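A.B. asks: Have a look at this one.
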């Protein structure tokens, strides 16, 4: 083997090894409200209002479903590793509740320890009729004539179940 070919193979091996090592390197992504590490928003109940919170933190990630006076700022840090399902590494939720005048009434903070696993129910609503195979769906109308081409078989406006025209 020539020295030139050996150098080319060695370079290809180094590039391939680098690509494989990069593929195994985990990637961290932060979703939602972004804050600097260690930052704890100084929100004082009775002192701040909706406008000052909006200036300090921006728009909330979500507002309460049943109570519009509760704002949630959510942060989720996930680790992505190649083709595997991403795993949540950290979660922080700040819930700010306002009174009727728009003043902060309560501030609560939640993290991964407050999370609960929700059991998903995978039931489906049954439909009438029967399931058609792919072949039945493709060949289902082969050999059927369109009704608009047959004499005296046109429906009146309003649907297929109405009376027929007499021509």
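The values are calculated or read from the model by the stated rules, or taken from the named source; none is laboratory data. Quantities reported herein were computed from a predicted structural model and do not represent experimental measurements. Cβ: placed from backbone, ideal geometry, glycine included. Neighbour counts: every protein chain shown.
A.B. asks: Taking the condition of being part of a loop (DSSP other than H, G, I, E, B), touching a strand residue (DSSP E or B) at 6+ places or on another chain (Cβ under 8 Å) and either modelled with pLDDT under 85 or closer than 16 Å to residue 102 by Cα (or both), how many residues in the stretch 52-79 meet it?
C.D. replies: Matching residues across the stretch 52-79 total 4.
A.B. asks: Out of all the residues in the stretch 80-95, is one or more touching a helix residue (DSSP H, G or I) at 6+ places or on another chain (Cβ under 7 Å), touching a residue at least 24 places away in the same chain (Cβ under 8 Å), part of a loop (DSSP other than H, G, I, E, B) and loosely packed, with under 13 Cβ neighbours inside 10 Å?
C.D. replies: yes
A.B. asks: Let me ask something else. One residue is enough: does the stretch 33-45 have a residue meeting the conditions more than 25 Å from residue 113 (Cα to Cα) and either at pLDDT below 85 or outside any strand (DSSP E or B) (or both)?
C.D. replies: no
A.B. asks: Next up: In a loop (DSSP other than H, G, I, E, B) and touching a helix residue (DSSP H, G or I) at 6+ places or on another chain (Cβ under 9 Å) - does that describe any residue in the stretch 114-133?
C.D. replies: no
A.B. asks: Do we find a residue being modelled with pLDDT of 85 or more and in contact with a strand residue (DSSP E or B) (Cβ under 7 Å, 6 or more places away or on another chain) anywhere in the stretch 115-134?
C.D. replies: No.
A.B. asks: Could you please find all residues in the stretch 52-68 being over 19 Å from the mean Cα position of the chain (by Cα), under 15 Å from residue 106 (Cβ atoms) and surrounded by 13 or more Cβ atoms within 10 Å (Cβ to Cβ)?
C.D. replies: Result: 53, single match.
A.B. asks: Let me ask something else about it. Please count how many residues of the stretch 115-132 are without any contact (Cβ under 8 Å) to a residue 12 or more places away in the chain and surrounded by 10 or more Cβ atoms within 10 Å (Cβ to Cβ).
C.D. replies: Qualifying residue count, the stretch 115-132: 1.
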